[in-house]
Amino acid sequence: MTIQSLKTDVLIVGAGPAGLTAGLYIARAGKKALVLEGRGPSRLAIPYALENYPGFPSIQSAELLALFRKQALSFGAEIVSGDAVAFMLDSDPKYVTTKEAVVEAGAVILATGKPVPKERMIPGEDRLIGQGVSYCATCDGPLFRGATVAAVGHSDEAVEDVHALLAMGCRVVWVPGKSGGAADGPKALALEEKGVVVRRGAKIGEIRGEGRVTGVVVEAPSGSEVVPVSAVFIFREIPAGPLFEKAGLKIDAKQCVAVDRFQRTNIPGVFAAGDITCGGLQVVAAAGEGCVAALQALLFLRK
């Protein structure tokens, strides 16, 4: 897979009400706005009725999200699919990496939605990000050619990523974490024939290592064992908090990004809006924060 190089004035990470509002304001001001839409859906994508969004006595959440999207696009905002897997934010310009592209931006607005709590992560995952824990086979797989790596995930995408790791010369131990589905499909069986070890019915209980990944604890009905590996590739929704913290952003114990009243983070040129700041946790609040973040990003670009 070829990694694209993209360039924009402002990169908005997240395509919910905060991110799309920010994209609207940036594009309407005549600047290039790139909105990165990850696999984790906006909570507006979950069908429910809103009765407290100003101007609409009642509106379906998905309909409101579609209106946000349509208006942002009408002013020239560009929306691309991709999950951010790495951030370089203390530089000028700033860089954000996805599985498909490296994006260069003058300013960044983070609007990734409600943070994933640490309780949903594998123990050791957040501590070893960048030290063997990865969310991108294309980006980091070549670093572990010839080594044994663990892969976690049960989606169709996980199957493709396991195939990519195998093609890159990695020895793969695949722990789907869930019975059935893609792990029992014909593509998975073909991977087994090529040497991939599939641990069905098991899960990874811990990622071990000091300074770098050295192994995983595989928990199965028959018992637990430590499997030596050099890396762990995790293919599911990416928890943004540890990535933000590694990039130098201040976050709290709930994985919320710390901002001031102008949505500014502790890194110049980086702003955050919406549920990732754990503010009002309301759609109207998210849109308002997206507006403020966009205005501050425009001000930053003018300096």
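The values are calculated or read from the model by the stated rules, or taken from the named source; none is laboratory data. Everything quoted here is computed from the prediction, not taken from an experiment. Note that we place each Cβ from the backbone using ideal geometry, even for glycine, and neighbour counts take in every protein chain shown. Side chains are part of the model used for accessible areas, which takes the heavy atoms of the whole protein and leaves out ligands, DNA and RNA. Shrake-Rupley method; radii C 1.70, N 1.55, O 1.52, S 1.80 Å.
Which value in Å does the Kirkwood hydrodynamic radius of region 80-135 take, with 1/r averaged over all unlike C-alpha pairs and then inverted? Walk me through the numbers before you get to the answer.
Details: mean 1/r = 0.0769 Å⁻¹.
So the Kirkwood estimate lands at 13.0 Å.
Summing -39500 (n - 2.57) over the DSSP H runs of n ≥ 4 in the chain and dividing by its residue number, what mean residue ellipticity at 222 nm do you reach, to the nearest 500 deg cm²/dmol? It would help to have the intermediate numbers written out before the result.
Details: 7 runs with 77 residues, N = 303.
Computed mean residue ellipticity for the chain: -7500 deg cm²/dmol.
Using the Kirkwood radius over Cα pairs, work out the Stokes-Einstein diffusion coefficient for the chain at 25 °C and 0.890 mPa s, in µm²/s as a whole number. Let's see the in-between values first.
On the way: Rh = 20.2 Å.
Rounded to a whole number, D works out at 122 µm²/s.
Measure nothing fancy, just the Cα-based angle from helix 156-167's long axis to the longest principal axis of the chain, in degrees from 0 to 90, nearest 10.
60
Tell me which cysteines of the chain come out unpaired when the rule is another cysteine's Cβ under 4.7 Å.
Lacking a cysteine Cβ partner under 4.7 Å: C170, C291.
Between D184 and E225, what length in nm is gained on full extension when 0.36 nm per residue of separation is reduced by their alpha carbon distance? Walk me through the intermediate numbers first.
Values: separation 41, 0.36 × 41 = 14.76 nm, distance 2.28 nm.
Difference between extended and current length: 12.5 nm.
In the P(r) worked out for region 116-155, what percent of Cα pairs fall beyond 12 Å?
Working: 506 of 780 pairs.
Distances greater than 12 Å cover 65 percent of the Cα pairs.
Using the Cα centre as the reference, give the magnitude of the dipole from point charges on the C-beta atoms of the chain (Lys, Arg: +1; Asp, Glu: -1; all else neutral), rounded to the nearest 20 debye.
Details: 32 positive and 31 negative charges, 96 e Å.
For the chain, the charge dipole is close to 460 debye.
Quick one: length gained pulling K114 to D92 fully straight, 0.36 nm per residue minus the C-alpha distance? Mind dumping the intermediate values first?
On the way: separation 22, 0.36 × 22 = 7.92 nm, distance 2.75 nm.
Net length gain for the segment: 5.2 nm.
Between region 35-67 and region 188-223, what is the separation of their alpha carbon centroids in Å?
Cα centroid to Cα centroid, the span is 38 Å.
Sequence gap at least 6, Cα distance under 8 Å: using those rules, report the relative contact order of region 42-192 to the nearest whole percent.
On the way: 155 pairs, mean separation 18.7, N = 151.
Averaging sequence separation for qualifying contacts and normalising by length gives 12 percent for region 42-192.
Counting pairs of alpha carbon atoms under 8 Å apart in space and at least six apart in sequence, what relative contact order in percent does the chain give?
Working: 694 pairs, mean separation 64.8, N = 303.
Reported relative contact order: 21 percent.
For E192 and R145, what does the FRET efficiency come to when R0 = 25 Å and r is the distance between their Cβ atoms, rounded to the nearest 0.05?
Numbers: r = 21 Å, r/R0 = 0.83.
Computed FRET efficiency for E192 and R145 comes out at 0.75.
As an exercise, find the ratio Rg/Rh for region 238-303 from alpha-carbon atoms, using the Kirkwood inverse-distance average for Rh. Numbers along the way, then the final one.
On the way: Rg = 11.7 Å, Rh = 12.1 Å.
In region 238-303, Rg relative to Rh is 0.97.
In a shell of Cβ-Cβ distance under 15 Å around G30, excluding G30 itself, what net charge do Lys and Arg (+1) and Asp and Glu (-1) give?
Working: positive: R28, K31, K32, R302; negative: D9, E78.
Residues close to G30 contribute a combined charge of +2.
Along Cα→Cβ, 7 Å out, is where each label goes; now give me the distance between the ones at F262 and A29 in nm to one decimal.
1.1
Set the Förster distance to 30 Å, then compute FRET efficiency between A49 and I3 from the Cβ-Cβ distance, nearest 0.05.
On the way: r = 42 Å, r/R0 = 1.39.
For A49 and I3, the calculated efficiency is 0.10.
In region 194-264, which chymotrypsin sites (Phe, Trp or Tyr not before Pro) are in a loop and have at most 14 other Cβ atoms within 10 Å, using DSSP for the loop call?
Numbers: sites: F233, F235, F244, F262; in loops: F235, F262.
Here the chymotrypsin sites (Phe, Trp or Tyr not before Pro) that fit, given the DSSP loop and packing criteria, are F262.
So what's the angle, to the nearest 10 degrees on a 0 to 90 scale, between helix 17-28 and the longest Cα principal axis of the chain?
60
In degrees from 0 to 90, rounded to the nearest 10, what is the angle of the helix 283-302 Cα long axis to the longest principal axis of the chain?
80
If you average 1/r over every pair of different alpha-carbon atoms in region 1-159 and take one over that average, what Kirkwood value in Å do you get? Let's see the in-between values first.
Values: mean 1/r = 0.0573 Å⁻¹.
After inverting the mean inverse Cα-Cα distance, the result is 17.5 Å.
Once amide H atoms are built 1.01 Å from N in the peptide plane, which residues 5 or more positions from W174, or in another chain, come under 5 Å H to H?
For W174, whose amide H was placed from the backbone, the distant partners under 5 Å are A151, V197, V198, R199.
On a straight-distance basis, which lysines could pair with K187 in a cross-link, Cα separation under 17 angstrom, same-chain partners fewer than 8 positions away excluded?
Within the straight-line cut-off, K187 pairs with K178.
Using the heavy atoms of the protein chains and a 1.4 angstrom probe, tell me the accessible area per residue for the chain in square angstrom. Before the final figure, lay out each step's value.
On the way: 14160 Å² over 303 residues.
Counting only protein heavy atoms, the per-residue value for the chain is 47 Å².
At 0.36 nm per residue, minus the direct Cα-Cα distance, what do S58 and A253 gain on full extension? Give it in nm, one decimal, please.
Difference between extended and current length: 66.7 nm.
Quick check: at a probe of 1.4 Å, how many percent of the accessible area of the chain sits on carbon and sulfur atoms? Spell out each step's value before the answer.
On the way: 7520 of 14160 Å².
Accessible surface attributable to carbon and sulfur in the chain totals 53 percent.
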